[in-house]
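Since the structure comes first, as structure tokens, the remarks are kept for the end.
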Amino acid sequence: MTPTLAGTLLICALLLFLATGMPIAFALGLAAMGGLFMAMGPEVIGVVAETMFAGIGNLAFVSIPMFVLMGAIVAGTPAGADLYRALDRWMYKVPGGLVLSNIGACAVFSGMTGSSPATCAAIGKLGIPEMINRGYPSSVATGSIAAGGTLGILLPPSVTMIIYGIATETSIGRLFLAGVLPGLMLTVMFMGWAMLDARRKGFRFGAAGVHFSLRDKLAALPRILPLMLIILGVLYVLYGGVATPSEAAGAGAMLTLVVVVLAYRLFKMGTFRDIFGSGMRESVMIMMILASAELFAFALSSLYITQSLAEAIASLEVNRWVLMGVINVFLLVAGMFLPPVAVIVMSAPLLFPIVVQAGFDPYWFAVVLTINMEIGLITPPLGLNLFVINGIAPQVPTREILWGALPYALVMVLAIIILCLFPQIATVLPDYVMGEAI
């Protein structure tokens, strides 16, 4: 069987499993086992468990459940609501100010979680009902949250950046720094479109019947400032070389838990059960996807699919920017069908040497790859954030959520173009803080 035919059958099997509604981790695992059976026969049973455990047997992965736990602590307590209300009080006079508050809250919340679904769910539960109550169209309310949630995988600490760093053996601290300025740029671009869209649909300065005095604005700050300081502290010890990502994540999760429990007097056992249960569910989901994606990548390699694809891409005698365009299209399509974690585990080791050989900065490429994954989170057929929003706002038709989110996908395409024209946006901060990469 040729690699092309084997690859086609493997991808078709994966899409078929996904179409049945099967969990992504199980679909990846079953498709991989089918491919390995074609390559190795019944002996495949002997390598499945070993390959899956090897895929997640890296100590650096400890940081993932810790950052997820930070998000669960904030999302599962009144801290998330306070964060949202504080931004709303400071931005309510801007056209579409509530939309901007939601996007800003998503950006800040990303710094506590590194997870798009967690960001999307936490802010969406608060923001969507409030926006609809204030007269915003449901497409604007849901689309802005779906798009704002994607910032969770770009702004540090990003779970996908951790996985990219492990897969390509690059510095996780440098990757985090590379995502800061592009993440802030994308946040501003999202807000710019939100303001333009709000004015286009008739929203002007000030929200009808809503007013907050300076005292109201200042009163919202004391409870959220400690959380902001924790984020800054985690980033400081990480970039200052004081601690590893796993140690920084563990300390951040513990400090967040202590601050939230003391600030809100949350001493009931049920609160802790809900927080740790939520964090555990999302962490297990991510780790299962990682393990299954590793098995799928092993199947692709065993069938000589990845090697053939790498040779085909490397043999393209084209301008390096045309090559980058081909890679972006590949990532965009892959992101529409697979979650970011799976795409990065399977594609990063394949594309990394090609990108470096073509003369592109690997940390700049990590940002471009991540933005492609962000687009996949709000585009069908697998747009994860669309399903999250649909779950927390079932009264809004899926079609309206999609139409509200699509303009933000175009904004992200524009961001990729800007990064191609000005790659220093991604490289200047890591080079300044940590010195130029060797």
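Put simply, of V94, V99, V62 the only residue that is farther than 21 Å from L232 by Cα, at pLDDT 75 or above and not basic (K, R) is V99. Screening A81 against (1) among the aliphatic types (A, V, I, L, M); (2) open to solvent by 10 Å² or more (accessible area, probe 1.4 Å); (3) modelled with pLDDT of 75 or more leaves a single unmet condition, (3). Here is the figure for region 302-325: residues that are of a type in the set (G, A, S), modelled with pLDDT of 75 or more and either closer than 21 Å to M40 by Cβ or in contact with a Leu (Cβ under 9 Å, 6 or more places away or on another chain) (or both) total 2. Annotation: of all residues in region 316-356 being polar (S, T, N, Q) and part of a helix (DSSP H, G or I), the one that is surrounded by the fewest Cβ atoms within 10 Å (Cβ to Cβ) is N328. Out of F17, F53, one residue alone is surrounded by 14 or more Cβ atoms within 10 Å (Cβ to Cβ) and under 23 Å from V284 (Cα atoms). It is F17. For region 249-296, the tally of residues that are within 25 Å of the chain's Cα centre (by Cα) and within 27 Å of C120 (Cβ to Cβ) stands at 32.
Taking every residue in region 216-233 that is assigned to a helix (DSSP H, G or I) and pairing it with any residue that is of a type outside the set (G, A, S) and open to solvent by 30 Å² or more (accessible area, probe 1.4 Å), at least 6 positions away or on another chain, the pairs with Cβ-Cβ distances below 7 Å are D216/R89; K217/R89; K217/W90; P226/V259; L227/V259; I230/L255; I230/V259.
Taken together, the criteria place L196 among residues that are surrounded by fewer than 21 Cβ atoms within 10 Å (Cβ to Cβ) and assigned to a helix (DSSP H, G or I). Across region 326-347, the qualifying residues are those that are closer than 17 Å to A312 by Cα and modelled with pLDDT of 85 or more, and the one among them that is farthest from the chain's Cα centre (by Cα) is V326. At pLDDT below 85 and either on the phi < 0 side of the Ramachandran plot or not in a helix (DSSP H, G or I) (or both), is that true of Y164? Considered against the rule, which asks whether it is at pLDDT below 85 and either on the phi < 0 side of the Ramachandran plot or not in a helix (DSSP H, G or I) (or both), Y164 comes out as no.
Polar (S, T, N, Q) and either over 21 Å from I11 (Cα atoms) or modelled with pLDDT of 85 or more (or both): does that describe T256? In short, yes. Only one of the listed residues (I425, I389, I417) is of a type in the set (V, I, T) and open to solvent by less than 20 Å² (accessible area, probe 1.4 Å). That residue is I389. From the list A437, A409, A366, the one residue that fits, being more than 19 Å from A194 (Cα to Cα) and either touching a strand residue (DSSP E or B) at 6+ places or on another chain (Cβ under 7 Å) or modelled with pLDDT of 85 or more (or both), is A366.
Against the criterion of being open to solvent by less than 30 Å² (accessible area, probe 1.4 Å), out of contact with any helix residue (DSSP H, G or I) (no Cβ under 6 Å at 6 or more places or on another chain), modelled with pLDDT of 75 or more and not polar (S, T, N, Q), L227 qualifies.
If you go through region 20-32 and keep only what is hydrophobic (A, V, I, L, M, F, W, C) and open to solvent by less than 70 Å² (accessible area, probe 1.4 Å), you end up with M22, I24, A25, A27, L28, A31, A32.
Identify all residues within region 141-161 that are in contact with a Ser or Thr (Cβ under 6 Å, 6 or more places away or on another chain) and part of a loop (DSSP other than H, G, I, E, B); write none if there are none. Correct list: L154, L155.
Here A299 meets each of (1) buried (at least 20 other Cβ atoms within 10 Å of the Cβ); (2) under 16 Å from the mean Cα position of the chain (by Cα) with one exception, condition (2). Among the residues of region 60-68, not a single one is open to solvent by 10 Å² or more (accessible area, probe 1.4 Å), free of Cβ contacts under 8 Å to residues at least 12 places away in the same chain and more than 30 Å from H211 (Cα to Cα). Annotation note: of L323, L290, L316, L295, the sole residue that is over 30 Å from A409 (Cβ atoms) and of a type in the set (A, V, I, L, M) is L295. Close contacts from region 1-22, counting a first residue that is touching a residue at least 12 places away in the same chain (Cβ under 8 Å) and a second that is aromatic (F, W, Y) and outside any helix (DSSP H, G or I), with Cβ to Cβ under 8 Å and a gap of 6+ residues or different chains, come to P3/Y304; A6/Y304. For first residues located in region 264-285 and farther than 25 Å from S116 by Cβ and in a helix (DSSP H, G or I), partners that are open to solvent by 100 Å² or more (accessible area, probe 1.4 Å) and among the charged types (D, E, K, R) and lie 6+ apart or on another chain with Cβ distances below 9 Å form the pairs Y264/R223. The residue list L290, L295 contains one member that is outside any loop (DSSP other than H, G, I, E, B), in contact with a Phe, Trp or Tyr (Cβ under 8 Å, 6 or more places away or on another chain) and at negative phi, which is L290.
The values are calculated or read from the model by the stated rules, or taken from the named source; none is laboratory data. Because the structure is predicted, anything quoted here is derived from the model rather than measured. FYI the Cβ positions are ideal-geometry reconstructions off the backbone, even for glycines, and counts take in every protein chain you see. What goes into the accessible areas is simple: the full protein's heavy atoms, side chains included, and nothing from ligands, DNA or RNA. Shrake-Rupley method; radii C 1.70, N 1.55, O 1.52, S 1.80 Å.
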